[in-house]
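Trainee: One structure, as structure tokens, below. Some questions next.
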There are 2 protein chains.
Amino acid sequence: MKKNHVDVVVIGGSAAGLVAAMTAKSFHPEKDVIVIRKEEKVMIPCGIPYIFGTLGSSESNILPDGGLINLGIKIKVGTVEIINPTDHTVETNDGSVISYEKLIIATGSKPFVPKSLKGVNLENVFTVPKDKNYLDVFFDKIKDLKRIAVIGAGFIGVEFSDELNKINKEVTLIELQDHILGNTFDIDSCIIAEEELTKRGVKITCGVKVESLEGKNKVEKVVLSDGTSIEVDAVVLSIGYTPNIDLAKKSGISYNNQGSIKVDTYMRTHQEDIFACGDCAQKRHFITGKIISVMLASTACAEARVAGMNLFDLSTIKTFSGTIGIYSTNIGDTTFGVAGLTENEAVKQGFNVITATFQGMDRHPGKLNNPHYQKVMLIANKNCGLILGGEVVGGVSAGELTNVLGFIIQNKMTITDLMCSQIGTQPMLTASPAAYPIIKAAEMISRKMIRK
Amino acid sequence: MKKNHVDVVVIGGSAAGLVAAMTAKSFHPEKDVIVIRKEEKVMIPCGIPYIFGTLGSSESNILPDGGLINLGIKIKVGTVEIINPTDHTVETNDGSVISYEKLIIATGSKPFVPKSLKGVNLENVFTVPKDKNYLDVFFDKIKDLKRIAVIGAGFIGVEFSDELNKINKEVTLIELQDHILGNTFDIDSCIIAEEELTKRGVKITCGVKVESLEGKNKVEKVVLSDGTSIEVDAVVLSIGYTPNIDLAKKSGISYNNQGSIKVDTYMRTHQEDIFACGDCAQKRHFITGKIISVMLASTACAEARVAGMNLFDLSTIKTFSGTIGIYSTNIGDTTFGVAGLTENEAVKQGFNVITATFQGMDRHPGKLNNPHYQKVMLIANKNCGLILGGEVVGGVSAGELTNVLGFIIQNKMTITDLMCSQIGTQPMLTASPAAYPIIKAAEMISRKMIRK
């Protein structure tokens, strides 16, 4: 049995593992870093739905290794069988033992499969794992299948539906809740998303439970709680992901009751030489302080940077201050973005909220150069005007507009701060300076606060 | 002579006047507000270059009055002849005297015309005032003129050149400095802008002075300092604007030696019941604290909001904290944005700077859905990592990406803060979470700082 030493071992090769390794090496160039991952080729996680329509193959969706290689980080394809925190070693499936000074667990997440759902193991029932081999089989099989039910209308389900629709599948999107994207957006945005998706040809069925999947060998029918059923050739399950902590569990790393690895603000587990980041690591909300479940590559990368920076050199100014949840997606030409708490969630969490929505155009004058309407809702704390969250519907620039909201929330800005803020505008690129939607929504909230 | 009283009188109807009036009325709904402006129809200032190409008429570029009217703000078309601060009255060109409680001066700016330049009064030598009547004549005349020299390659000059080129004019852009946009961007961005504009058919001549304009009655020739000359049918002068403070001057309002009205952080002039905002008002740099000349509708609107909020009710948390200068423009498909200090300017101002540039794609994977490269340079203070400025070259979303930079600077974020920040990413809308250019540039600076 060969035994090697590598200063920093990173387990997992997706967004969190990649960025953790690169940050570790950048900030501690004298240390050796290795990434152990199970995939030969890693999928860009958020790109997966686009393989099926816009991209046309998984080969166009590969997370490049150049960043690792150029920094001199080693890549080992294999799985870690066990971590021995006391010895500071990991054992891999090829029988190697690698000792480490610091370890980063970035084992990600796996699709949630409701085991109790009848018919879940039928042929042509697919999940959406971050696994190229699985996706290639899925992709090949689905080519000849026409009628597809996508179950679960979060981001993945919505993006998948739109992509499958692009390649002329008959798509039905089924959601238990009353609206698609209902966990992430307030109802107004959800309704617009439903309209857009319907307009494009996707059939949407909300407020129903899937009772069972029926069929002989292959899935043939989705039976719903309202007594109806849908004839299908394939089913895509997109009802969420669970943290992949099997390795952590069997290695005695502490995890919380949501099934994710407990971490502090430096991203350290209870074993101080073992860090965790990404989908497998615990998320605490930036505003509420509560433990939540958010799985976003962008959040994972932020955590990975914090982990990488603090490995050998703790710093209180390099900590992770809680998960915001900054999401965006698009359906056709329309972009949907959200940062922070929705109104619904803020109220549920006990905040006294005040909101306003402003709608304008993303060009000025509004008819210039391929314009799109732009709608921003701000959610603020009534007591102090602190921005708790924001939602955007717009054109392609609304993705970055959502990031503007993200920085506003991270910097704990208030309605008043926004009213005094400077922005940059340009006719072909943004809303008018007199009607920049974030500032206008802030102004509307100000006005409401004065009138009280 | 009729004498009226209006609680708040706003002089000027462009971006600053409009927003000041609307904010005043929103925050003080019990007060009467009037806007006195000289234009029947107001031009959207930043839209003016686009009248000539993309929009096709000034009628498509009118700042709507609905915002004023809906709030119950009166509009009076006319000019104010004099302000009497002691009496709290203004006298207008129709002989009216209006007494006010608070006055806001938003008289804007006017094109700088070098009086000493020989031939400046020849026919077909145009300036770019915010004046519909003038622009309509300009537009009509230029239709039949082919060879046009645009003198001065700031934003207006560049946008004008591109627009005139779109309608098949033979455009030569002439700039005294070594590069176009040289006052606003560091040299790398300027060179890209030159390449883009040249590729589109605009001829660029930099590093030469215009010695004279020649011609009998109409301009026929631009004579340059290098001894050459350019035959032209028309000339567009876009060499800057000067604050329009004639009224303020003759009314005894204090102004600085750059010719703009002195204001405090509440946007008050030395006469405490008289406020000023927009191009006519003094600008103090957010970072250097020095008095500068920045004329941007977006800055003007921010100042106008501060003026409007503080009219009757001063608040130290509603002050203007200094001008950042957040600019963006586009040439063809390429967007150029800048916020804060350029590297060049930061060094000149005495900052010890460290910079890094990251280039990636604005989609991920990078080939997805009409992508554009995205390049961000960050300029930070070496001592503390504070972000002093940033520059962006990218696609259409780079306008809002520039606003992300603007909020980063306004919140006095450091390189370390950025390394710990969360962003939102989506394949069709933004760069990859592992290669978000602002964060990557921050990481590159971190790495340089460690290596020292």
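Taken together, the values in this text are just the output of simple stated rules run on the coordinates, not laboratory data. As the structure is a computational prediction, the values presented were derived from the model and not from experiment. Note: ideal-geometry Cβ built from the backbone for every residue, glycine included; neighbour counts use all protein chains shown.
Trainee: Quick check on A:V263: is it assigned to a strand (DSSP E or B) and surrounded by 18 or more Cβ atoms within 10 Å (Cβ to Cβ)?
Mentor: No.
Trainee: From A:T127, A:T92, A:T79, A:T54, grab the single residue that is in contact (Cβ under 8 Å) with a residue 12 or more places away in the chain and under 21 Å from A:V19 (Cα atoms).
Mentor: A:T79
Trainee: To continue, here is another question. Within the range A:57-75, can one find any residue that is farther than 21 Å from A:L296 by Cα and either touching a His at 6+ places or on another chain (Cβ under 6 Å) or of a type in the set (S, T, Y) (or both)?
Mentor: Looking through the range A:57-75, at least one residue is farther than 21 Å from A:L296 by Cα and either touching a His at 6+ places or on another chain (Cβ under 6 Å) or of a type in the set (S, T, Y) (or both).
Trainee: So, A:L68, is that one over 30 Å from A:K143 (Cα atoms), surrounded by 17 or more Cβ atoms within 10 Å (Cβ to Cβ) and within 11 Å of chain B (Cβ to nearest Cβ) or not?
Mentor: Details: over 30 Å from A:K143 (Cα atoms): yes; surrounded by 17 or more Cβ atoms within 10 Å (Cβ to Cβ): yes; within 11 Å of chain B (Cβ to nearest Cβ): yes.
Spelling it out, A:L68 is indeed over 30 Å from A:K143 (Cα atoms), surrounded by 17 or more Cβ atoms within 10 Å (Cβ to Cβ) and within 11 Å of chain B (Cβ to nearest Cβ).
Trainee: Looking only at the range B:372-384, decide whether some residue is part of a strand (DSSP E or B), of a type in the set (S, T, Y) and under 28 Å from the mean Cα position of the chain (by Cα). Even if it seems obvious, please write down each step before you answer.
Mentor: First, pick out the residues of the range B:372-384 that are part of a strand (DSSP E or B): B:373-381.
With of a type in the set (S, T, Y) added as a condition, the list becomes B:373.
So of that shortlist, the ones also under 28 Å from the mean Cα position of the chain (by Cα) come out as B:373.
Yes; the residues of the range B:372-384 include at least one that is part of a strand (DSSP E or B), of a type in the set (S, T, Y) and under 28 Å from the mean Cα position of the chain (by Cα).
Trainee: Separate question: Which residues, counting only those in the range B:130-165, are without any contact (Cβ under 8 Å) to a residue 12 or more places away in the chain and part of a helix (DSSP H, G or I)? Break it down stepwise before answering.
Mentor: Within the range B:130-165, the subset without any contact (Cβ under 8 Å) to a residue 12 or more places away in the chain is B:133-134, B:137, B:140, B:143-144.
Correct list: B:N133, B:Y134, B:V137, B:D140.
Trainee: Another question, then. crowded, with 23+ Cβ neighbours inside 10 Å, touching a residue at least 12 places away in the same chain (Cβ under 8 Å) and of a type in the set (D, E, K, R): is that true of B:E391 in this structure?
Mentor: Values: crowded, with 23+ Cβ neighbours inside 10 Å: yes; touching a residue at least 12 places away in the same chain (Cβ under 8 Å): yes; of a type in the set (D, E, K, R): yes.
The answer is yes for B:E391.
Trainee: Would a scan of the range A:343-363 turn up a residue that is over 19 Å from B:F407 (Cβ atoms), touching a Gly at 6+ places or on another chain (Cβ under 7 Å) and more than 13 Å from chain B (Cβ to nearest Cβ)?
Mentor: yes
Trainee: So, of the residues in the range A:339-371 that are assigned to a strand (DSSP E or B) and of a type outside the set (G, A, S), which turns out to be surrounded by the fewest Cβ atoms within 10 Å (Cβ to Cβ)? Break it down stepwise before answering.
Mentor: Restricting attention to the range A:339-371, the residues satisfying the condition of being assigned to a strand (DSSP E or B) are A:339-340, A:353-361.
Still in the list and also of a type outside the set (G, A, S): A:353-355, A:357-359, A:361.
Numbers: A:V353: 22, A:I354: 21, A:T355: 22, A:T357: 17, A:F358: 21, A:Q359: 15, A:M361: 20.
Only one residue tops the list, namely A:Q359.
Trainee: Pick out the one residue from B:I438, B:I450 that is over 18 Å from B:C190 (Cα atoms) and facing chain A (nearest Cβ under 7 Å).
Mentor: Numbers: B:I438 fails: facing chain A (nearest Cβ under 7 Å).
After applying the criteria, what remains is B:I450.
Trainee: Please verify whether the range B:112-135 includes one or more residues that are within 23 Å of B:E59 (Cβ to Cβ) and of a type in the set (S, T, Y).
Mentor: Yes - at least one qualifying residue is present in the range B:112-135.
Trainee: Evaluate the following for A:N403: is it facing chain B (nearest Cβ under 9 Å) and either surrounded by 24 or more Cβ atoms within 10 Å (Cβ to Cβ) or under 26 Å from A:E196 (Cβ atoms) (or both)? Walk me through it before giving the result.
Mentor: On the way: facing chain B (nearest Cβ under 9 Å): yes; either surrounded by 24 or more Cβ atoms within 10 Å (Cβ to Cβ) or under 26 Å from A:E196 (Cβ atoms) (or both): yes.
Taking the combined requirement at face value, the residue satisfies it.
Conditions (1) within 14 Å of another protein chain (Cβ to nearest Cβ); (2) in contact with a His (Cβ under 7 Å, 6 or more places away or on another chain), marked per residue:
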| position | (1), (2) |
| --- | --- |
| A:L55 | yes, no |
| A:I83 | no, no |
| A:H88 | no, no |
| A:N93 | no, no |
| A:Y100 | no, yes |
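Trainee: Hey, another quick one. Could you say which residue among B:Q410, B:Q422, B:Q426 is at the interface with chain A (Cβ under 7 Å from one of its Cβ atoms) and in contact (Cβ under 8 Å) with a residue 40 or more places away in the chain? Steps first, answer last, please.
Mentor: On the way: B:Q422 fails: in contact (Cβ under 8 Å) with a residue 40 or more places away in the chain; B:Q426 fails: in contact (Cβ under 8 Å) with a residue 40 or more places away in the chain.
The unique qualifying residue is B:Q410.
Trainee: Can you pull out the residues in the range B:166-206 that are over 22 Å from B:G394 (Cβ atoms), buried (at least 22 other Cβ atoms within 10 Å of the Cβ) and in contact (Cβ under 8 Å) with a residue 40 or more places away in the chain? Give the derivation first.
Mentor: Let us first name the residues in the range B:166-206 that are over 22 Å from B:G394 (Cβ atoms), namely B:167-178, B:201, B:203, B:205-206.
Going one step further and asking which of them are buried (at least 22 other Cβ atoms within 10 Å of the Cβ), we end up with B:169, B:171, B:173-175.
Within the range B:166-206, just B:I174 meets the criteria.
Trainee: What pairs can you find where one residue is in the range A:3-22 and assigned to a loop (DSSP other than H, G, I, E, B), the other is among the polar types (S, T, N, Q) and buried (at least 24 other Cβ atoms within 10 Å of the Cβ), and their Cβ atoms are less than 7 Å apart, with a gap of 6+ or different chains?
Mentor: Close Cβ pairs satisfying both conditions: A:G12/A:T107.
Trainee: Further question on the same structure: So, of the residues in the range B:23-35 that are crowded, with 24+ Cβ neighbours inside 10 Å and hydrophobic (A, V, I, L, M, F, W, C), which turns out to be farthest from B:I326 (Cα to Cα)?
Mentor: Among residues in the range B:23-35 that are crowded, with 24+ Cβ neighbours inside 10 Å and hydrophobic (A, V, I, L, M, F, W, C), the one farthest from B:I326 (Cα to Cα) is B:V33.
Trainee: Of the residues B:E59, B:E30, B:E39, which single one is assigned to a loop (DSSP other than H, G, I, E, B), under 30 Å from B:D233 (Cα atoms) and acidic (D, E)? Spell out how you get there, then give the answer.
Mentor: Values: B:E59 fails: assigned to a loop (DSSP other than H, G, I, E, B); B:E30 fails: under 30 Å from B:D233 (Cα atoms).
Result: B:E39 is the single residue among B:E59, B:E30, B:E39 that is assigned to a loop (DSSP other than H, G, I, E, B), under 30 Å from B:D233 (Cα atoms) and acidic (D, E).
Trainee: Which residues, taken from the range B:266-292, are in contact (Cβ under 8 Å) with a residue 40 or more places away in the chain, within 20 Å of the chain's Cα centre (by Cα), outside any strand (DSSP E or B) and away from chain A (no Cβ under 14 Å)?
Mentor: B:C280, B:T288, B:K290
Trainee: Scan the range B:139-153 residue by residue and report those that are surrounded by 14 or more Cβ atoms within 10 Å (Cβ to Cβ) and more than 18 Å from B:E214 (Cβ to Cβ). Talk me through it step by step, then tell me what you get.
Mentor: Taking the range B:139-153 and keeping what is surrounded by 14 or more Cβ atoms within 10 Å (Cβ to Cβ), we get B:139, B:141-142, B:145, B:147-153.
Hits for the range B:139-153 are B:F139, B:K141, B:I142, B:G152, B:A153.
Trainee: While we're looking at this one, here's another question. Does the range A:16-47 hold any residues that are charged (D, E, K, R) and within 19 Å of A:E81 (Cα to Cα), and which are they? Write out each step before concluding.
Mentor: Start the filter on the range A:16-47 by keeping residues that are charged (D, E, K, R), which leaves A:25, A:30-32, A:37-41.
Matches in the range A:16-47: A:R37, A:K38, A:E39, A:E40.
Trainee: Return yes when B:L386 is of a type in the set (A, V, I, L, M, F, W, C), touching a residue at least 24 places away in the same chain (Cβ under 8 Å) and crowded, with 24+ Cβ neighbours inside 10 Å and no when it is not.
Mentor: Values: of a type in the set (A, V, I, L, M, F, W, C): yes; touching a residue at least 24 places away in the same chain (Cβ under 8 Å): yes; crowded, with 24+ Cβ neighbours inside 10 Å: no.
Judged against the criteria, B:L386 is not a match.
Trainee: Has the range A:377-397 got at least one residue that is within 7 Å of chain B (Cβ to nearest Cβ) and touching a helix residue (DSSP H, G or I) at 6+ places or on another chain (Cβ under 8 Å)? It would help to see each step written out before you state the result.
Mentor: Taking the range A:377-397 first, the residues within 7 Å of chain B (Cβ to nearest Cβ) are A:396-397.
Filter again for touching a helix residue (DSSP H, G or I) at 6+ places or on another chain (Cβ under 8 Å), leaving A:397.
Among the residues of the range A:377-397, at least one is within 7 Å of chain B (Cβ to nearest Cβ) and touching a helix residue (DSSP H, G or I) at 6+ places or on another chain (Cβ under 8 Å), which makes the answer yes.
Trainee: Further, regarding this structure: Taking the criterion of being outside any helix (DSSP H, G or I) and more than 29 Å from B:M377 (Cα to Cα), would at least one residue in the range B:191-210 satisfy it? Outline the logic, then answer.
Mentor: If we filter the range B:191-210 for residues that are outside any helix (DSSP H, G or I), which is where we start, we get B:200-210.
This time we only want the ones that are more than 29 Å from B:M377 (Cα to Cα), so: B:209-210.
Within the range B:191-210 (the criterion being outside any helix (DSSP H, G or I) and more than 29 Å from B:M377 (Cα to Cα)), the answer is yes, since at least one residue qualifies.
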